[in-house]
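Input: a single structure, listed below in structure tokens.
The values are calculated or read from the model by the stated rules, or taken from the named source; none is laboratory data. Source: prediction; values computed, not measured. Note that we place each Cβ from the backbone using ideal geometry, even for glycine, and neighbour counts take in every protein chain shown. Just the protein is used for accessible areas: all its heavy atoms, side chains included, with ligands, DNA and RNA removed. Shrake-Rupley method; radii C 1.70, N 1.55, O 1.52, S 1.80 Å.
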There are 2 protein chains.
Amino acid sequence: MLSHRLKKTFTRPTRDVAHQIRRFATKPEAIKLDLSPCVRGILTDVQDPDTPIDISGWVSSSRISKNVAFLDIKDGTTYEGIQCVIRPPSLLPSDIKNGTGVQVKGIWSEGKGKQKYEVHVNGTNQGNVDVLGPVDELFPMIKSSHSAQYLRTIPEYRWRDQSLAAILRFRSQVETTLVNFFDSQMFIKTHPPLVTASDCEGAGELFKIESSSKLKNDEQFFGKDAYLTVSTQLHLEVICAALSRVWTLTPCFRAEESDTNRHLSEFWMLEAEIAFVDHVSQLTKFSEKMIKSVVKNLADDHNGMGSNLINTVDKATAQIMIDRWEMLLSKDWDSITYTEAIKIIQDAVDSKLVEFDTRPIWGDSLKSEHEKWLAGKYFKNPVFVTDYPLEEKAFYMKINEKIAEEAGTTVACFDLLVPDIGELIGGSMREHDLQKLKNEIERRGMDTTPLNWYLKLRENGSVPHGGFGMGFERLLQYLSCTENIRDVIPFPRSARNCLC
Amino acid sequence: MLSHRLKKTFTRPTRDVAHQIRRFATKPEAIKLDLSPCVRGILTDVQDPDTPIDISGWVSSSRISKNVAFLDIKDGTTYEGIQCVIRPPSLLPSDIKNGTGVQVKGIWSEGKGKQKYEVHVNGTNQGNVDVLGPVDELFPMIKSSHSAQYLRTIPEYRWRDQSLAAILRFRSQVETTLVNFFDSQMFIKTHPPLVTASDCEGAGELFKIESSSKLKNDEQFFGKDAYLTVSTQLHLEVICAALSRVWTLTPCFRAEESDTNRHLSEFWMLEAEIAFVDHVSQLTKFSEKMIKSVVKNLADDHNGMGSNLINTVDKATAQIMIDRWEMLLSKDWDSITYTEAIKIIQDAVDSKLVEFDTRPIWGDSLKSEHEKWLAGKYFKNPVFVTDYPLEEKAFYMKINEKIAEEAGTTVACFDLLVPDIGELIGGSMREHDLQKLKNEIERRGMDTTPLNWYLKLRENGSVPHGGFGMGFERLLQYLSCTENIRDVIPFPRSARNCLC
């Protein structure tokens, strides 16, 4: 498949043409320019004082007195701003408001107040302030404080809010940390398809897709029904059977009507699939390591320039966030079986330690109230719950045969429950025995035809493997202590909600 | 939006319950296990000889003679395998074929032949070979060499081909390098939506989406028509107007019927958007730096363990790849205007230097034959072509006013043309003046209503900015010298092609 015909001998250009190349290469318009430094760059790679400097950004606050004007300039690359000191204040254009796009030329100087450095603009140093983009009196972001709910109604402007901007920087940092974590663990980042002909778990409402022009003619672009994926796991298993350690971070889609603060119709899902794994505790241990690597990176970056959330929230919230991160790192996370979890919950209910809407019996699914109580109040820490009842889980999970009293009734799976949020990760060993998998599919009365390709993985070179999935926004919501999941994704999509 | 109510005082567990926690924490089943080392890990973090070792993987070749058997074990984490030397050969199970999943226990030993290390399995050291997953006589991957075309018909197995597996490792490495490049340039990685109510450029066929259950009732999940994005640029501009430097790597969709070796219906697109940019040459310079950072990383990794493509192809192909990478790094890339490009092509045609299907005149689009010739034969290097005719490009591009003879007829944009492939990147300055943008939209007879949110960006704090987009698979195809784009994405989707 690799082209051997690339190295043809090409005709050499004639002298005339060669001359033209030289002409183009040396003409002044061809001079290339670097990007001008951003605020984060200026504050990271600090110039010597008394050098001229250009700063571009948006005004985040301004103060004008009789003899001097102060402008704070931010550009979103860090939570910090650069203070510009303008003398006389008449050098300041009249239409400066919060949010105005400006370019300031001045002298980089040692600060006189709280600021270590500031920019001096005055008549004698030929400094000036240029307005690049004015703002209207009615621009909502002139006010610095709005409710999160209101900001969601102005998606084209809301990320200019400083707290929300910090969350997007945070999102970027968490992703970058995950990329480097998986790289260090020798995983291959891969990209399963979003368009699929099969419904991974038979669970969840699907979005159907079709080419606009085919819709008119009642034809099918792919020659069959096609849907947006709800989980890439089955495809990821294909790649795992070739590369052993694979992961992805990819959009998934669920056409759920539920309008809660922790559901989205389009969300990003982290999924990992690992070959040559024998026991579910290898998966729980690995996912614990993954999350701790993210938290450790965040904790080490308290004074970082980039995504630093701690410095953009009030003191009380910062303390909550620090406490949460410390809790996550403080010790090894406990692991209990589903059967033990049910017993703990029943004992707590029976001894009136806690009240729930339902008292679960073995075989019931754990409700969100139970999950949050287990992690938040009982363990006060993340906790893995393993080995759920077979009937509660998907067809591909490995049935436990060795746990004597539960033989054949539970599966080798886990959920990671965390305080305040409940389920953050779900994973399992995958049944890799062809006959056992077929039996289970049959027992459930499922149609094997659309799963034939998946079954083939078990026909040849099938090895023990397992994996897990984690809603990326759920993780971000938890680590950033954000109440509504719609505030950790740039353009949230949900039922009747596709604003722009 | 940050919760202040997280730090409630929870009831402490009763003594009974606390006892249970301790019990769970110390029971043997709760012992957690690390992943067992992968082949890449074993070869990177080399053990002392004469230590026992477990290796899991798939048989990539085997050779049995009278006194000894050799097995080469690979697990896809690197192109390298580990040789196992088995004495007597009777220790080898009878059903070993290429592709069989095995676990080998033996002694890590210094190699006697070409291998620096090998694993000795013999009766005295209690070594053995366990079959984890046998393969059928009919398993196609028993044969090590198949055509790329045939492999595409068996998507569930094809990544077990060693050359294709190397491409997926390569893909992962290129993405990781890009993540770290953008991070070093202080860009925020972000995630614009895939579900959108607007069609970015009015170009390209769209996929329409709807909830399966709503389709039955003729209702709309989002309360309006919704499509899969063809480019995230417009949404990226929203985030750029808050964070200055943003990028994304995200799936995009085009319902094109064209069945070529360089088109996909679902592909990954890298898009970047940069505020406070004044000239298109800042964008070309930056994108040159981006690609060179990837190539430099690949070139530095000739002997790397992970994605190393060079070591999985034959010598001739390896040389082509090395030459290409060297060419990309060898010098600054030229930049010419569209007008100059037309003149070069016309001169070459008129002087019979080259023959094309069409001789373009000013105003025509450059065809693929022209693009490939310019980069591949004329410049023999990547070349930027800037300032295309207004009528050839999208409504949001900034119209050139300062180039005297072309005032108002060209836009501040660029395409990066590379040898053999043609267009790899397209970008432009974006019109940030509200009135000029509105005029152009009106002149084109477009409906402004669906673009109101986009126009609002220009109403407040609008600043000069620009950006570009690059098909990720196109880059991979080019750097890996792969003829068909379907071989650089795990599950290619195109018209009548959604195999599993």
When the range B:252-279 is examined, which residues are found to be touching a His at 6+ places or on another chain (Cβ under 8 Å) and closer than 15 Å to B:K189 by Cβ?
B:W268, B:E273, B:I274
When you go through B:L243, B:L228 one by one, which is the residue that is within 7 Å of chain A (Cβ to nearest Cβ) and touching a helix residue (DSSP H, G or I) at 6+ places or on another chain (Cβ under 8 Å)?
B:L243
Evaluation of B:E392 against (1) under 27 Å from B:A242 (Cα atoms); (2) away from every other protein chain (no Cβ under 13 Å) (one fails), failing number
(1)
Could you tell me which of the residues A:V230, A:V246 is in the same structural domain as A:M397 (by TED's automatic domain parsing), in contact (Cβ under 8 Å) with a residue 24 or more places away in the chain, in contact with a Leu (Cβ under 7 Å, 6 or more places away or on another chain) and part of a loop (DSSP other than H, G, I, E, B)?
A:V230
If only one of B:L475, B:L457 is crowded, with 22+ Cβ neighbours inside 10 Å and facing chain A (nearest Cβ under 7 Å), which one is it?
B:L457
For the range B:44-94, give me each residue that is without any contact (Cβ under 8 Å) to a residue 24 or more places away in the chain and of a type in the set (F, W, Y).
B:F70
Does A:V195 satisfy being over 20 Å from the mean Cα position of the chain (by Cα), in the same structural domain as A:G466 (by TED's automatic domain parsing) and modelled with pLDDT of 95 or more?
yes
The conditions are (1) out of contact with any helix residue (DSSP H, G or I) (no Cβ under 6 Å at 6 or more places or on another chain); (2) open to solvent by less than 10 Å² (accessible area, probe 1.4 Å); (3) in a loop (DSSP other than H, G, I, E, B), and B:L236 fails exactly one of them. Which is it?
(3)
Going through (1) on the phi < 0 side of the Ramachandran plot; (2) surrounded by fewer than 23 Cβ atoms within 10 Å (Cβ to Cβ); (3) more than 8 Å from chain A (Cβ to nearest Cβ) one by one, B:P464 fails only at (3)
All conditions in (1) out of contact with any Phe, Trp or Tyr (no Cβ under 9 Å at 6 or more places or on another chain); (2) facing chain A (nearest Cβ under 8 Å); (3) part of a loop (DSSP other than H, G, I, E, B) are true of B:P193 except (1)
I'd like the full set of residues that are assigned to a loop (DSSP other than H, G, I, E, B) and away from chain B (no Cβ under 12 Å), limited to the range A:260-273.
A:T260, A:R262, A:H263
State whether one or more residues within the range B:266-274 are within 20 Å of B:R152 (Cβ to Cβ) and in contact with a helix residue (DSSP H, G or I) (Cβ under 9 Å, 6 or more places away or on another chain).
yes
Would it be correct to say that B:D130 is assigned by TED's automatic domain parsing to the domain that holds B:P93 and outside any loop (DSSP other than H, G, I, E, B)?
yes
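Residues checked against (1) assigned by TED's automatic domain parsing to the domain that holds A:D420; (2) out of contact with any Cys (no Cβ under 9 Å at 6 or more places or on another chain); (3) modelled with pLDDT of 95 or more; (4) not in a helix (DSSP H, G or I):
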{"site": "A:N297", "(1), (2), (3), (4)": "yes, yes, no, no"}
{"site": "A:M305", "(1), (2), (3), (4)": "yes, yes, no, yes"}
{"site": "A:N311", "(1), (2), (3), (4)": "yes, yes, no, no"}
{"site": "A:A316", "(1), (2), (3), (4)": "yes, yes, no, no"}
{"site": "A:A341", "(1), (2), (3), (4)": "yes, yes, yes, no"}
{"site": "A:W362", "(1), (2), (3), (4)": "yes, yes, yes, yes"}
{"site": "A:L366", "(1), (2), (3), (4)": "yes, yes, yes, yes"}
{"site": "A:H370", "(1), (2), (3), (4)": "yes, yes, yes, no"}
Please verify whether A:S144 is closer than 21 Å to A:C481 by Cα, outside any helix (DSSP H, G or I), modelled with pLDDT under 95 and open to solvent by 10 Å² or more (accessible area, probe 1.4 Å), treating the condition exactly as stated.
yes
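Conditions tested, residue by residue: (1) among the small types (G, A, S); (2) more than 7 Å from chain A (Cβ to nearest Cβ).
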residue: B:S144; (1), (2): yes, yes
residue: B:A165; (1), (2): yes, no
residue: B:L168; (1), (2): no, no
residue: B:T176; (1), (2): no, no
residue: B:N180; (1), (2): no, yes
Cβ pairs under 7 Å, 6+ apart, first in the range B:422-442 and within 25 Å of B:E483 (Cα to Cα) and assigned by TED's automatic domain parsing to the domain that holds B:F379, second assigned to a helix (DSSP H, G or I) and basic (K, R):
B:G422/B:K372; B:L424/B:R474
Within the range A:72-90, work out how many residues are open to solvent by less than 60 Å² (accessible area, probe 1.4 Å) and more than 14 Å from every other protein chain (Cβ to nearest Cβ).
6
Checking B:V174 against (1) closer than 15 Å to B:F491 by Cβ; (2) assigned by TED's automatic domain parsing to the domain that holds B:M269; (3) not small (G, A, S): exactly one of these is not met. Which one?
(1)
Can you pull out the residues in the range A:480-496 that are touching a helix residue (DSSP H, G or I) at 6+ places or on another chain (Cβ under 9 Å) and crowded, with 20+ Cβ neighbours inside 10 Å?
A:S480, A:C481, A:T482, A:I485, A:R486, A:D487, A:V488, A:I489, A:P490, A:F491, A:P492, A:S494
Checklist (1) free of Cβ contacts under 8 Å to residues at least 12 places away in the same chain; (2) of a type outside the set (D, E, K, R); (3) surrounded by 19 or more Cβ atoms within 10 Å (Cβ to Cβ); (4) more than 13 Å from chain B (Cβ to nearest Cβ) applied to A:A407, failing item
(3)
Checking A:G223 against (1) surrounded by fewer than 21 Cβ atoms within 10 Å (Cβ to Cβ); (2) at the interface with chain B (Cβ under 7 Å from one of its Cβ atoms); (3) part of a helix (DSSP H, G or I), which single condition isn't satisfied?
(3)
Could you check the range B:432-451 and list, in sequence order, the residues that are under 33 Å from the mean Cα position of the chain (by Cα) and not aliphatic (A, V, I, L, M)?
B:H432, B:P450
Out of (1) at pLDDT 95 or above; (2) open to solvent by 10 Å² or more (accessible area, probe 1.4 Å); (3) in contact with a strand residue (DSSP E or B) (Cβ under 9 Å, 6 or more places away or on another chain), the odd one out for A:F181 is which?
(3)
Of those in the range B:22-49 that are touching an Asp or Glu at 6+ places or on another chain (Cβ under 7 Å) and open to solvent by less than 40 Å² (accessible area, probe 1.4 Å), the residue modelled with the lowest pLDDT is B:F24
Which numbered condition A:I209 fails, given (1) under 26 Å from the mean Cα position of the chain (by Cα); (2) more than 7 Å from chain B (Cβ to nearest Cβ); (3) of a type in the set (V, I, T):
(2)
Looking at the range A:147-163, which of the residues that are at the interface with another protein chain (Cβ under 8 Å from one of its Cβ atoms) and assigned to a helix (DSSP H, G or I) is farthest from B:S244 (Cα to Cα)?
A:A148
